[in-house]
Structures are given as structure tokens and as C-alpha cells.
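Read the structure below first, then the notes.
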Amino acid sequence: MILPIRVNFPINSPLNYDLRGYLQQIQQREWKSSLDTPVLIQEVLSLLSTGDAPPMVVPEPVIPQEESPDHPPLPVAEPELYREPGGSVPLSSGLYMERPPIEPDCFREIVQPGALIQIKAPRQMGKTSLMARVLNHAKEQGYEAIPLSFQRADNKLFTDLDGFLRWFCEQIGLRLEIHKHDGTRSSCGVRTIDLLSQGL
């Protein structure tokens with residue numbers, strides 16, 4: 001016989017997956033203060049004397065809480081997804097797990113002139129989330145940070161240096177709002193240097 005009693009734990013507060021599987025069909029009681037003690041004790045004694053199990057109830061669907069630092073994941077992971085899998089974990093999310101010394105090393109390196117940070121890991125291991133935090137750290141230090149994904153470039157650009165540099169200039173220029181095509185026939189290499197010089 002199971003008689004669930006929630007002690008200062010509201011009925012509408014979610015249980016973890018394992019507990020919910022056991023208790024979702026059993027009517028639960030709630031203890032809020034010492035005033036509830038006599039009623040609950042009387043009910044427990046009544047059930048023990050009769051041997052009857054608590055009445056079954058139809059479980060109500062549980063809506064997962066929005067992820068936030070104030071509402072961390074429950075001890076046993078819920079099967080429901082709060083968002084589509086993949087992509088970056090938001091900077092404000094409490095679900096991101098730091099992995100020292102990786103973050104401090106990246107934060108220290110990103111502010112060095114000509115820094116190059118290579119992040120290698122299997123899929124869904126947090127590479128994009130780490131990169132977002134490194135760029136955010138650079139912004140907090142007063143740097144202009146521009147995320148640029150080569151996955152959005154046409155594959156043919158990687159076999160055409162002039163075309164690649166033109167695409168690169170367009171992407172950087174759009175984000176910095178400094179690119180103005182003057183109609184000259186100068187090489188893309190020269191235009192790339194001019195563009196970066198303006199940005200710097």
C-alpha cells in the first residue's frame with residue numbers, strides 16, 4: 001500500500017520520471033502545516049485498519065517547465081524535450097555544463113592577437129555552445145565578434161580563391177556594415193585586406 005504525502009511540495013510541482021511512473025495514478029495528499037497533521041494521521045489509520053488501497057485517479061498530463069537556472073533539470077531526466085535537439089544551449093541556460101579548464105583556456109586565448117582556437121569533438125558534445133560562450137567573452141572584453149559558418153558557403157567556393165574571398169568579404173562587410181563596393185577591378189585579396197583594415 002502506498003499513500004503519497006507531499007510535505008511542503010505543491011501538487012502542481014513536477015515529479016521526476018521514475019516517481020511519476022509510480023505515483024501518477026495514486027491520489028496524493030498534501031501537508032502544508034501542522035493543521036494538516038490530524039487529518040492525514042486519521043486517514044492513514046483508517047486505511048491501515050481497513051486494508052483498502054487509496055483510490056486510483058486518472059493522471060493529468062504534466063507540462064515540462066521552461067529551462068532556466070531557477071528550474072534545473074529534475075534528478076532523473078525527463079523524456080520530453082523542451083526544445084528541438086541540436087544547436088547552441090542559450091547563454092542564460094542552466095543546462096550548460098562547464099568543463100574546466102576548457103572554458104578558461106579559450107577565454108584567455110581568444111583575447112590574444114591572431115588567436116586560433118580549434119575545437120574538436122563528436123556531434124552533440126557542445127562545440128557550438130562553447131563557441132558561443134567564447135565569442136560572448138570576447139564581446140565582454142570590448143572586441144567585435146562575428147560568427148561566420150563556412151557550412152553556408154557553396155562548396156564550389158572552396159576551389160575558387162577569388163570567389164571565396166569575395167564571399168568572405170561580403171559576409172564580414174554585411175555584419176560590420178562597412179563594405180561598400182566601389183566598382184573597381186582590384187583583386188579580391190586586396191579588397192579583403194582593405195575590408196579588414198577598415199574593421200580594425
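The values are calculated or read from the model by the stated rules, or taken from the named source; none is laboratory data. In this text, all values refer to a predicted model and were calculated from it rather than measured experimentally. We place every Cβ from the backbone using ideal geometry, glycine too, and count neighbours over all the protein chains shown.
Summary of computed values
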| item | result |
| --- | --- |
| Selection count where residues are under 15 Å from Pro147 (Cβ atoms), surrounded by 13 or more Cβ atoms within 10 Å (Cβ to Cβ) and hydrophobic (A, V, I, L, M, F, W, C), scope the range 160-179 | 3 |
| Pairs with Cβ under 9 Å, 6+ apart, first in the range 168-181 and among the charged types (D, E, K, R), second at pLDDT 80 or above and not in a loop (DSSP other than H, G, I, E, B) | Lys180/Gly173 |
| So Gly163, is it outside the structural domain of Gln112 (by TED's automatic domain parsing) and modelled with pLDDT under 85 | no |
| Residue ID - farthest from Pro147 (Cα to Cα), chosen from residues in the range 100-136 that are touching a residue at least 24 places away in the same chain (Cβ under 8 Å) and in a loop (DSSP other than H, G, I, E, B) | Gln124 |
| Positions within the range 137-158 being under 21 Å from Ser92 (Cβ atoms) and assigned to a helix (DSSP H, G or I), in sequence order | His137, Ala138, Lys139, Glu140 |
| From Tyr82, Tyr96, residue being part of a loop (DSSP other than H, G, I, E, B), at pLDDT 85 or above and hydroxyl-bearing (Ser, Thr, Tyr) | Tyr96 |
| Test: residue in the range 189-200 that is modelled with pLDDT of 80 or more, on the phi < 0 side of the Ramachandran plot and not assigned by TED's automatic domain parsing to the domain that holds Thr128 | no |
| Matching option when the condition is more than 17 Å from Thr128 (Cα to Cα), at pLDDT below 90 and not charged (D, E, K, R), among Leu91, Leu74 | Leu74 |
| The range 114-149: number of residues that are hydrophobic (A, V, I, L, M, F, W, C), surrounded by 13 or more Cβ atoms within 10 Å (Cβ to Cβ) and at pLDDT 90 or above | 7 |
| Filtered residues of the range 14-42 (kept if of a type in the set (Asp, Glu) and either at pLDDT below 85 or in contact with a Gly (Cβ under 9 Å, 6 or more places away or on another chain) (or both)) | Asp18 |
